[in-house]
1. Counting only residues that are more than 23 Å from Ala75 (Cα to Cα) and touching a residue at least 24 places away in the same chain (Cβ under 8 Å), which one in the range 38-49 is most open to solvent (accessible area, probe 1.4 Å)?
2. I'm told Ala95 meets every condition in (1) surrounded by fewer than 12 Cβ atoms within 10 Å (Cβ to Cβ); (2) closer than 22 Å to Phe29 by Cβ except one. Can you identify the failing condition by its number?
3. Kindly check whether there is at least one residue in the range 51-59 that is within 25 Å of the chain's Cα centre (by Cα) and of a type in the set (Asp, Glu).
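The values are calculated or read from the model by the stated rules, or taken from the named source; none is laboratory data. Since this is a predicted model, take the numbers as computed values, not measurements. Note that we place each Cβ from the backbone using ideal geometry, even for glycine, and neighbour counts take in every protein chain shown. Just so you know, the surface numbers come from the protein's heavy atoms only, side chains and all, with ligands and any DNA or RNA stripped out. Shrake-Rupley method; radii C 1.70, N 1.55, O 1.52, S 1.80 Å.
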Amino acid sequence: MSKVVWNTRELTVGQLAERSGVAVSALHFYESKGLIASRRTAGNQRRYTRDTLRRVAFVRLAQRLGIPLKTIKAALAALPENRTPTRDDWAQLSAAWRSELDDRIEQLQRLRDDLTDCIGCGCLSLDRCALANPHDRLGEEGPGARRIDTRLTPAQPCCR
């Protein structure tokens, strides 16, 4: 790993990739989506300001939480002068995302519990299962994974 001098004002794409642990191709993708920005040298090489490291870390953390890139971009664009997020910015944004994350957690917990209760019998035929979906009752409610999607169906016991 080549050491970047601490007071270097700009980083090459390779240095940014090395310091952030993100592949060059991912950095190019982030730039194409407007999540990070660079300037071009006379030789058409990308140069990133040092604060781009923090922006990349912000994007990666938000992605790990399952936040879509479109939502991340909107959050970054809402910052004054498109600046790099601060600790306070993160606190505010993460609070706004909390209900979405709570809903996703509830859906995953329901999926986990349904897998244990319903597929535990080994039949693997939930569309015909008299316990999980008698007479295809869920099909009458509409399309999609009705029992798993907490926005469509409130929690209820599966096969008890």
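1. Initially, the range 38-49 is screened for residues more than 23 Å from Ala75 (Cα to Cα), giving 40-47.
Filter once more, keeping what is touching a residue at least 24 places away in the same chain (Cβ under 8 Å): 45-47.
On the way: Gln45: 99, Arg46: 58, Arg47: 53 Å².
Restricting to residues being more than 23 Å from Ala75 (Cα to Cα) and touching a residue at least 24 places away in the same chain (Cβ under 8 Å), the top hit is Gln45.
2. Result: Ala95 passes all but (2).
3. Let us first name the residues in the range 51-59 that are within 25 Å of the chain's Cα centre (by Cα), namely 51-59.
If we keep only those that are of a type in the set (Asp, Glu) too, we end up with 51.
Within the range 51-59, one or more residues are within 25 Å of the chain's Cα centre (by Cα) and of a type in the set (Asp, Glu).
Yes/no matrix, rows are residues, columns are (1) among the β-branched types (Val, Ile, Thr); (2) in contact with a Cys (Cβ under 9 Å, 6 or more places away or on another chain); (3) over 26 Å from Arg104 (Cα atoms); (4) free of Cβ contacts under 8 Å to residues at least 12 places away in the same chain:
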| position | (1), (2), (3), (4) |
| --- | --- |
| Gln15 | no, no, yes, no |
| Leu27 | no, no, yes, no |
| Ile36 | yes, no, yes, no |
| Arg55 | no, no, no, no |
| Phe58 | no, no, no, no |
| Gln63 | no, no, no, yes |
